[in-house]
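S.K.: Would you mind keeping the following structure in view while I ask a few things?
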Amino acid sequence: MDIVKLSAVEIKEKILKNELSATEVVKAHLNRIEEIDKDINAFISINKEGALEAAEKVDEKIKNGEELGALGGIPIALKDNIVTKDTKTTCGSKMLENYRSPYDATVVEKIKAQDGIIIGKTNMDEFAMGSSNETSFFGPTRNPVNTNLVPGGSSGGSAAAVKAEEVALALGTDTGGSTRQPAAYCDIVGIKPSYGLVSRYGVVSLANTLDTVGVFGRDVSDAALMLSAIVGYDEKDSTSYENPTHLVVEKDLEPTEYIKGMKIGIPREIYLDQIDKRLIGVMDKVIKVFQSLGAKVEEITLPHLEYGLSTYHVISAAEISSNMARFDGLRYGYRAKEYSTLDELYINSRNEAFGDEVKRRILMGTYYLSMGLGREYYEKALKMRTLIIDDFNKAFKDYDIILTPTSPILPFQLGKLKDEPLTKDLTSIFTAPVNLAGLCAMSIPCGYVDGLPVGLQIIGDRFKEMNIIKAGLAFEGGMKNGI
Amino acid sequence: MAYKTIIGLEIHVELATNTKMFCACPNTFGGEANTHCCPVCLGLPGSLPVINKTAIEYAIKAGIAFNCKINTKTKMDRKNYYYADLVKGYQISQDDIPLCEGGYIEIELEDGAKKINLQRIHIEEDTGKLTHTMDGDTLIDYNRSGVPLIEIVTRPDMNTPEEARLFLEKLRSTLKYIEVSDCKMEEGSLRCDININVVDTETGAKTNITEIKNLNSFKGAVKAMEFEEKRHIQLLKEGKNTVRETRRWDEVKNETVTMREKGEAEDYRYAVDGDLAPIEIPDTWIDEIRNKLPELPHHKKERFMRQYNLSEYDAGVLTASKDLASFYEETLKYIDDTKLVSNWIMGDVLRRLKDEEVEIEDTKLSPKALGQLLSLIKSGKINNNTGKKVLREVFETGKDPEVIVKEKGLIQITDESQILEVVEKVLSENQQSVIDYKNGKDRALGFLVGQVMKATKGKANPQLVNKMILDLINKM
Ligand SMILES: [Zn+2]
């Protein structure tokens, strides 16, 4: 039995049945990391001792016949912008190279409380700004599908770690597509829950009205298990909600059963000029799969979808500029060696510790919030956001889910788009509007073209996570059955 | 030439909630530096604010007390700027929709009441506190970071420093009345910035507005305004103008000095704080707060006039501070004489407070002690003068008046037999005065009474002595 190939659901079952110990599971994954991570660079820190200790506790519980939590013994990786007491939290930046949080994020507490085993913290684009994991201070992460490719980003490390079988599950974050796009690029499942379903407490803010905690698994059931373990209202996050959806997956149904009666919309606006033309064929195939499963698929319109990316760009940059202000070198993080005034301390520290992409977004965001023309962009973007929300609201009156490619661009070569930030931004064109509207969405593998993995995005209405999970299970089953 | 001074105020008031604005840290003054802190009020990565409902309640209380309109749909915004006392690079405040809008505070002038209009009251968080050491280091204490504040902004409706002082007094006493702040300027829980300029009413020429910061007492504020008023008028006389600038009051030099010139208006890049859900205030909650609101000063004054049959002036003095008013009412529980208590508080008690520059709650005098003392006087056990002496001793020692009177043997002698001997002795020793009195010199009687009082060490009942002397003289 190759332990690292087991799904999270299987690991849990085997531990419960005493066929495997948590310690064996953790050791197998630590060995796998040892063996492969030098080629992937998915991890920034690994908490070997902590993981083994946690595994021992799980084994102890089994021995004593105690009840095991929902994540009992499953090895899990966390994106390095989720704060943990046990390891440093770097956000992939020189600014926080050695930062240690005095507290655990709420999602971390939940994982620990449910006997999940946190293996380590994963690589990411600096402060989650980027879509290829190339802006990390700790070097780029490579795509386990093909190490010449980028893994996507900004949660590229988490996606790669799951794909490379270094862990069974991982958490990322998703502000404009940062979980779904790397999931697509690494050929795994990624879910971005509705805004407010999962507490953001302890998740370092990027753009706080868009930020969500995303989950990764190698199949839909695994991703759903991870998600169900971290949802719920948190008194420390006043934008969180008490679990409004019941994430209970009925197991082992026929694919057609999951999707019975569902109506699916395909926005006609997805066929834009910038889309990789190979994706059109993939979408045709996807539609056929859903139709053959018995779903009703129709073309719909989301008239403002094309403005989603620029709206996202303006709003996220504005929020980023404010959220990044606390990293000033005064209380924690990097401080420049040379300065003679307080202003110089700020300027030199931030200048020396932030990378280009972070600086670019701070500058743009500061402009968008400043009086004058910049401010007009911001006000316009806020208005456009409500129009985009209206579009989705209308669509979800008649349809249960909406399908798009996850990214309009297929995984690209490492370094290829290094100096083309705008092209890289384009990868969020179908994902960012989902964040603007606070909806839920999943990226699920839908095959390969020319050796490159393709992800399908399944969008659901806010707090209708069960719709995307059911559709995902149906699609997964359909693909497996070779429809 | 005639000049008109124009004064507007911005007042920051720390709310006396148990916990800070966005976290559960204690909101208490002092404490060892950086001990009342947590990830939230230190702005650590990943932390999120959660609004303190009591802070909103207190701000609404103030809004109601100052006749403001309460905005039932509001939000928190970020005011972005960099400073060492600011942990997140932005202060959570309110921009375009303050919690309370409009409103006014009435002050009493000699020629009647004047309304000072308010522009707004909004809620925000306080920053940390910087201390500059002698070595040139700057130390930062974040205990104050995240303490809830309200900022009260007035219209430029005050025309003399005295009006501004009356406004501040009224503001402070009301805020203390409704128990939303202890308003201690010396501890920084009430801080005031002044905007002042002067208009030449004949030519229409006016000076640029000067802002004065760093005032830590009402006295200082008044002095600073008086200084600025003179400075502006002098410049106008010389055909000059003031610089648009921020000045501070230098207590040592007794003058305002330049802090910084005001360039272009600062751009704080306000934007809504997405970490905090929009605030919706149900009308029922406002009603509930309104109903729970303690009696406001002017209501209390009217009630005192009605209920205790006091003059408008007396009621005004007694209700100027909540503590004094409750001291008065509390004292009435021990002695049922509204006039007597009012006279004593307005006289000897207030004089004492003024001399010592203390508030009633900071003294050793309790309502019970004053009640006891006045009962002793009223029942004739001690006389007025003895009463004053005893009061002085209560202020100093906090002892029970009854104990003092007993220990010092100050009980008034009301038994004729005890005084008769003294009276007879005084009369026989002062034959001339007796004759003078008989010849119509009334003053001689006073002298004789005084002699008896002296001989009894003030303990005799003066009315009784008076009567006994007259009886004896008449018998002669
Ligand atoms: Zn705190």
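S.K.: Using only Cα atoms, locate the centre of the stretch B:28-64 and the centre of the stretch B:294-330, then give the distance between them in Å, rounded to an integer.
M.R.: Cα centroid to Cα centroid, the span is 35 Å.
S.K.: A further question on this structure: Using the beta-carbon distance between A:Glu257 and A:Glu66 and R0 = 35 Å, what value does 1/(1 + (r/R0)^6) give for FRET efficiency, to the nearest 0.05?
M.R.: Numbers: r = 35 Å, r/R0 = 1.00.
Efficiency computed from Cβ-Cβ geometry: 0.50.
S.K.: Let me ask something else about it. Taking the Kirkwood radius as the inverse of the mean 1/r across Cα pairs, report the Rg/Rh of the protein assembly as shown. Working shown, then result.
M.R.: Working: Rg = 38.6 Å, Rh = 33.2 Å.
Rounded to two decimals, Rg/Rh equals 1.16.
S.K.: Just going by the charge dipole of the stretch A:339-458, with Lys and Arg at +1 and Asp and Glu at -1 on Cβ, which of A:Val358, A:Leu439, A:Met384 is farthest out on the positive end?
M.R.: Checking the options against the dipole of the stretch A:339-458, the answer is A:Met384.
S.K.: Taking loop as defined by DSSP and a crowding limit of 13 other beta carbons within 10 Å, which GluC sites (Glu not before Pro) in the stretch A:246-350 fit?
M.R.: Details: sites: A:Glu250, A:Glu257, A:Glu269, A:Glu298, A:Glu299, A:Glu306, A:Glu319, A:Glu338, A:Glu344; in loops: A:Glu250, A:Glu338.
Passing both the DSSP loop test and the Cβ count: A:Glu250, A:Glu338.
S.K.: So, one more: Please list the non-local residues whose amide H lies under 5 Å from the amide H of A:Phe327, H modeled 1.01 Å from N, same-chain partners needing a gap of 5 or more.
M.R.: Here nothing satisfies the definition.
S.K.: What is the distance, in nm, between label points placed 7 Å from the Cα along the Cα-to-Cβ direction at A:Val449 and at B:Glu266?
M.R.: Result: 5.4 nm between the two label points.
S.K.: Also: Which residues' amide hydrogens lie under 5 Å from the amide hydrogen of B:Leu118, considering only partners 5 or more residues apart or on another chain, with H built in the peptide plane?
M.R.: B:Gly103, B:Tyr104, B:Ile105, B:Arg155
S.K.: Which value, to two decimals, describes the C-alpha radius of gyration of the stretch B:416-475 once divided by 2.2 N^0.38 Å?
M.R.: Numbers: Rg = 10.3 Å, N = 60, 2.2 N^0.38 = 10.4 Å.
In units of the globular-protein estimate, the stretch B:416-475 measures up at 0.99.
S.K.: On to the next question. If you count, for every residue in A:200-210, the Cβ atoms of partner chains within 10 Å of its Cβ, what is the mean? Show your work: numbers first, answer last.
M.R.: Details: counts 3, 7, 6, 3, 4, 6, 0, 1, 5, 5, 1.
Taking all residues of A:200-210 together, the mean is 4.
S.K.: Test of the criteria: in the stretch A:309-364, which trypsin sites (Lys or Arg not before Pro) are in a DSSP loop and have at most 11 other Cβ atoms within 10 angstrom of their Cβ? Show your work: numbers first, answer last.
M.R.: Working: sites: A:Arg326, A:Arg331, A:Arg335, A:Lys337, A:Arg350, A:Lys359, A:Arg360, A:Arg361; in loops: A:Arg331, A:Arg335, A:Lys337.
When the trypsin sites (Lys or Arg not before Pro) of the stretch A:309-364 are filtered for loop state and at most 11 Cβ neighbours within 10 Å, A:Lys337 remain.
S.K.: Here's another thing I want to ask about it. Using a 10 Å cut-off on Cβ to Cβ distances, tally the other chain neighbours for every residue of A:324-335 and report the average as a whole number. Before the final figure, lay out the partial values.
M.R.: Values: counts 1, 11, 10, 2, 8, 0, 7, 7, 4, 1, 0, 0.
The shielding value for this peptide is 4.
S.K.: Turning to a different aspect of this structure: What size of dipole, in debye to the nearest 20, comes out for chain A about its Cα centre when the only charges are +1 on Lys and Arg C-beta atoms and -1 on Asp and Glu C-beta atoms? Write out the running numbers ahead of the final one.
M.R.: Details: 56 positive and 68 negative charges, 93 e Å.
Dipole size: approximately 440 debye.
S.K.: Still on this structure, please answer the following. Would you kindly enumerate the cysteines in chain B that have no other Cys beta-carbon under 4.7 Å from their beta-carbon?
M.R.: Among the cysteines of chain B, those whose Cβ sits 4.7 Å or more from every other are B:Cys23, B:Cys25, B:Cys37, B:Cys38, B:Cys41, B:Cys183, B:Cys192.
S.K.: With just the Cα atoms of the stretch B:298-425, tell me how far they stretch along each of the three principal axes, in Å, largest first.
M.R.: Cα extents, longest axis first: 57, 29, 22 Å.
S.K.: For A:Glu34, project a label point 7 Å along Cα to C-beta. Then give me every residue of the stretch A:103-126 with its amide nitrogen under 12 Å of that point.
M.R.: Zone members listed by number: none at all.
S.K.: Could you go through the stretch A:198-206 in sequence order and give the Karplus-derived ³J(HN,Hα) for each residue, using 6.51 cos²θ - 1.76 cosθ + 1.60 with θ = phi - 60°, rounded to whole Hz, and x for Gly and Pro?
M.R.: Result, rounded to whole Hz: 10, 4, 8, 5, x, 9, 5, 5, 9.
S.K.: Now for a different question. Assign unit charges at the C-beta atoms only (+1 for Lys and Arg, -1 for Asp and Glu), then state the dipole size of chain B relative to its Cα centre in Debye, rounded to the nearest 20. Walk me through the numbers before you get to the answer.
M.R.: Working: 68 positive and 79 negative charges, 286 e Å.
In total the dipole reaches around 1380 debye.
S.K.: How big is the gap, in Å, between the Cα center of the stretch A:49-114 and the Cα center of the stretch B:217-253?
M.R.: 61 Å
S.K.: Here's a follow-up. Which ³J(HN,Hα) values in Hz, rounded to whole numbers, follow from the phi angles of the stretch A:428-437 under the Karplus curve 6.51 cos²θ - 1.76 cosθ + 1.60, where θ = phi - 60° and Gly and Pro get x?
M.R.: Rounded to whole hertz, the list is 8, 4, 9, 8, 4, x, 5, 5, 4, 9.
S.K.: Going highest first, how would you order B:97-107, A:192-202 by mean Cβ packing within 10 Å? List each step's numbers first, then the result.
M.R.: Details: B:97-107: 20.4, A:192-202: 26.8.
My ranking of the peptides, most packed first, is A:192-202, B:97-107.
S.K.: Oh, and also: For a protection proxy built on the mean count of beta-carbon atoms within 10 angstrom, sort B:270-276, A:126-132, A:142-148 highest first, please. Provide the component values of the computation, followed by the final result.
M.R.: Values: B:270-276: 21.3, A:126-132: 29.9, A:142-148: 19.7.
Packing order, densest peptide first, comes out as A:126-132, B:270-276, A:142-148.
S.K.: For a quick check of your reading of the filter: which trypsin sites (Lys or Arg not before Pro) in the stretch B:135-215 sit in a DSSP loop and have no more than 16 other Cβ atoms within 10 Å? The partial results should precede the final answer.
M.R.: Working: sites: B:Arg144, B:Arg165, B:Lys170, B:Arg172, B:Lys176, B:Lys184, B:Arg191, B:Lys206, B:Lys213; in loops: B:Lys184.
Counting only loop positions with at most 16 other Cβ atoms within 10 Å, the trypsin sites (Lys or Arg not before Pro) in the stretch B:135-215 are B:Lys184.
S.K.: In addition: Which Rg and Dmax, in Å, describe the Cα atoms of the stretch A:162-218?
M.R.: Calculated on Cα positions, Rg and Dmax stand at 11.2, 33 Å.
S.K.: Magnitude of the Cβ-charge dipole of the stretch B:311-437, K/R +1 and D/E -1, about the Cα centre, nearest 20 debye? Numbers along the way, then the final one.
M.R.: On the way: 17 positive and 25 negative charges, 28 e Å.
The dipole magnitude comes to about 140 debye.
S.K.: Which whole number gives the average, over all residues in A:367-375, of C-beta atoms from other chains lying within 10 Å of the residue C-beta? Let's see the in-between values first.
M.R.: Numbers: counts 1, 2, 7, 4, 6, 1, 0, 1, 4.
For this peptide, the per-residue mean of nearby foreign Cβ atoms is 3.
S.K.: Continuing with the same structure: For every helix of n ≥ 4 consecutive DSSP H residues, a contribution of -39,500 (n - 2.57) applies; sum these over the protein assembly as shown, divide by its total residues, and give [θ] at 222 nm rounded to the nearest 500 deg cm²/dmol.
M.R.: Details: 32 runs with 378 residues, N = 959.
The helix-only estimate for the protein assembly as shown comes to -12000 deg cm²/dmol at 222 nm.
S.K.: Could you tell me how many cubic angstrom of Cα convex hull volume the stretch A:223-300 has per residue?
M.R.: Details: hull volume 13.3 nm³, N = 78.
Given the Cα convex hull of the stretch A:223-300, per-residue volume reads 170 Å³.
S.K.: Moving on to the next point. Which net charge results when you count Lys and Arg as +1 and Asp and Glu as -1 among the other residues whose beta-carbon is under 11 Å from that of B:Tyr268?
M.R.: Details: positive: B:Arg78, B:Lys79, B:Arg269; negative: B:Asp77, B:Asp95, B:Glu266, B:Asp267.
Charge balance near B:Tyr268 sits at -1.
S.K.: Divide, for chain A, the radius of gyration over alpha carbons by 2.2 N^0.38 Å, where N is the residue count.
M.R.: Working: Rg = 21.3 Å, N = 483, 2.2 N^0.38 = 23.0 Å.
Rg over 2.2 N^0.38 Å, computed on Cα atoms: 0.92.
S.K.: Pairs to check: A:Lys79/A:Lys112; B:Lys4/B:Lys262; A:Lys464/B:Lys73. Give those whose C-alpha atoms are more than 19 Å from each other in this structure. Before the final figure, lay out each step's value.
M.R.: Details: A:Lys79/A:Lys112 16 Å; B:Lys4/B:Lys262 23 Å; A:Lys464/B:Lys73 28 Å.
From the list (A:Lys79/A:Lys112; B:Lys4/B:Lys262; A:Lys464/B:Lys73), the Cα-Cα distance tops 19 Å for B:Lys4/B:Lys262; A:Lys464/B:Lys73.
S.K.: Name the long-range amide H neighbours of B:Met158: under 5 Å, sequence gap of 5 or more, or other chain; modelled H, no Pro or chain starts.
M.R.: Excluding prolines and chain starts, which carry no amide H, the hits are B:Ile7.
S.K.: Let me ask you something else. Compute for the stretch B:3-285: radius of gyration divided by Kirkwood radius, i.e. Rg/Rh, restricted to C-alpha atoms, rounded to two decimals.
M.R.: On the way: Rg = 19.4 Å, Rh = 20.0 Å.
So for the stretch B:3-285, dividing Rg by the Kirkwood Rh gives 0.97.
S.K.: Could you give the angle, 0 to 90 degrees to the nearest 10, between helix B:367-378's Cα long axis and the longest principal axis of the Cα atoms of chain B?
M.R.: Between the helix axis and the principal axis of chain B, the angle is about 20 degrees.
Read-outs throughout are calculated quantities, based only on the coordinates presented, and are distinct from any laboratory measurement. These figures come from a predicted structure and were not determined experimentally. Cβ atoms come from the backbone with ideal geometry, glycine included; neighbour counts cover every protein chain shown.
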